[in-house]
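Chemist: Got a structure here, written out as structure tokens. Questions coming.
The values are calculated or read from the model by the stated rules, or taken from the named source; none is laboratory data. Nothing here was measured: the structure is a model prediction, and the numbers come from that model. Backbone-built Cβ (ideal geometry, glycine too); neighbour counts: all protein chains shown.
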């Protein structure tokens, strides 16, 4: 019991030294978090190619979009065409594999138009983190292809 009284009596003395250390520790954690975040953003931006190349890729599933894209964007470099429906996962893997082959050898900006099911766009989006390119997605809206936000991947 005497030990507890002694500790409680000394608590204000200890706290006057501990409190500034806790504030300093919190400030250091915030500083390191900020520096790590800034550095990782810089690192991610610096890994992109600085080439001024523009590659337009059109993925068509059951519909023709390459002509409209060529008219609007002025060029189409690659067309991946799949006639019919994507019936199972093997079909999706085939289309995604074709896009991966193109992305693997591409530097600079990639303009991607996907005229197909939403699931295909989702699966393609999962693959973009593996490539060092700037990807601009296009969405068909109001009779033309409009660029969405640019994704730095």
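Chemist: Output the number of residues of the stretch 73-101 satisfying the condition of being surrounded by 17 or more Cβ atoms within 10 Å (Cβ to Cβ), farther than 19 Å from residue 140 by Cα and in contact with a strand residue (DSSP E or B) (Cβ under 7 Å, 6 or more places away or on another chain).
Modeler: Counting residues in the stretch 73-101 that are surrounded by 17 or more Cβ atoms within 10 Å (Cβ to Cβ), farther than 19 Å from residue 140 by Cα and in contact with a strand residue (DSSP E or B) (Cβ under 7 Å, 6 or more places away or on another chain) gives 3.
Chemist: Can you say whether residue 113 is in the same structural domain as residue 140 (by TED's automatic domain parsing), touching a strand residue (DSSP E or B) at 6+ places or on another chain (Cβ under 6 Å), buried (at least 18 other Cβ atoms within 10 Å of the Cβ) and farther than 17 Å from residue 135 by Cα, as far as the supplied structure shows?
Modeler: So residue 113 does not fit the description; no.
Chemist: Evaluate the following for residue 17: is it at pLDDT below 80, outside the structural domain of residue 147 (by TED's automatic domain parsing) and either surrounded by fewer than 10 Cβ atoms within 10 Å (Cβ to Cβ) or assigned to a loop (DSSP other than H, G, I, E, B) (or both)?
Modeler: Yes.
Chemist: While we're looking at this one, here's another question. Examine the stretch 29-49 for a residue that is at pLDDT 75 or above and more than 25 Å from residue 120 (Cβ to Cβ), and state whether such a residue exists. Don't jump to the end; show me each part of the working.
Modeler: From the stretch 29-49, those at pLDDT 75 or above are 29-30; that's our starting set.
Next cut, more than 25 Å from residue 120 (Cβ to Cβ) only: 29-30.
Yes, that holds for at least one residue.
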